[in-house]
Amino acid sequence: MFVMKPENKIHDQEILDIKEKLELMHSDIKRMMENSNQEYLNLMMANLKKDFLNCITGYVSEDVESCLERGMVEKCSMRDTCKSKFTDLLQSNTTLMTHDAVPEGDITEVKDTLNKMREGAPFEKCEACFSEVYDIFDKQMKFMRSLHVHSTNDEKKKDISKISDEIMVKEVLEPLSNKQRIQILKSMASQTKTFSSLSEITGLKGGNLLFHIQKLLDTNMILQRHERGDYMITEKGYKLLMLLTEVNELLGDINPLTLTQ
């Protein structure tokens, strides 16, 4: 009968300890690389968006100057004064394009200021100048809508009518109507996850966990890198997760007492 020597047992245990430490180091390095890649991607996208908006606002600013110079009445003692005021107003409107979202109140404030200036115009020929200013303003509004930073109430109503009930339930509401699935999406917001780590997060095992993972896979909210590989969130899943964040903030702003009235 073969008996393992004590020194061999110690040697084997040391090897196991080293392997365990190496696995932990590998996991840490992998997690760091994944986080770094995500941060780099976010930084790159933010810089691209910034450069794009700078180009757009630069073009719009030049357009304001050239259109006012060309469209305003030339022989008028108030031309320089009015042009300066128009430029300031329209350029302030241009800066709104760099925002993620432009509230309707900000646009209304610009409109009200412009309307008051028009009401106080001293000459009939002022109408030609204001006509040019309103054309520029409308052009700026089109840019904002194309950038998806502003939409009118009428446009929002039209968007609501385009919602597909069947697709919305199948692709969004039904997959997200489960606590564990939301936990899975949240855990993948900044890094990939293994099956075992998702099991720890959700408290589910085996087939039960696989059922919920498959729901998210089928609706393209997450994907698996390769067979038996880690799971990661998709662009669709991330956008829906951000939407849930906004809904959560909205629910926090609602007074529960008003719901019973």
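The values are calculated or read from the model by the stated rules, or taken from the named source; none is laboratory data. Source: prediction; values computed, not measured. In this analysis, Cβ positions are derived from the backbone assuming ideal geometry, glycine residues included, and neighbour counts consider all displayed protein chains.
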Exercise. Failed condition for Tyr134, given (1) over 30 Å from Gln91 (Cβ atoms); (2) at pLDDT 85 or above, with all others met?
Worked result: (1)
For this session: Of the numbered conditions (1) modelled with pLDDT under 85; (2) surrounded by 14 or more Cβ atoms within 10 Å (Cβ to Cβ); (3) out of contact with any Asp or Glu (no Cβ under 8 Å at 6 or more places or on another chain), Gly105 fails exactly one; give the number of that condition.
Result: (2)
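Results for (1) at pLDDT 90 or above; (2) among the aliphatic types (A, V, I, L, M); (3) surrounded by fewer than 12 Cβ atoms within 10 Å (Cβ to Cβ), shown as yes or no for each residue.
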| position | (1), (2), (3) |
| --- | --- |
| Phe195 | yes, no, no |
| Leu204 | yes, yes, no |
| Leu210 | yes, yes, no |
| Ile213 | yes, yes, no |
| His226 | no, no, yes |
| Asn248 | no, no, yes |
For this session: Please give the helices (runs of 4 or more DSSP H) falling wholly within segment 167-229 in which 2 or more residues are among the small types (Gly, Ala, Ser).
Result: 195-202, 206-218
Problem set entry | Subset of segment 91-125 (residues that are part of a helix (DSSP H, G or I), in contact (Cβ under 8 Å) with a residue 12 or more places away in the chain and farther than 20 Å from Met144 by Cα) | Met117, Arg118
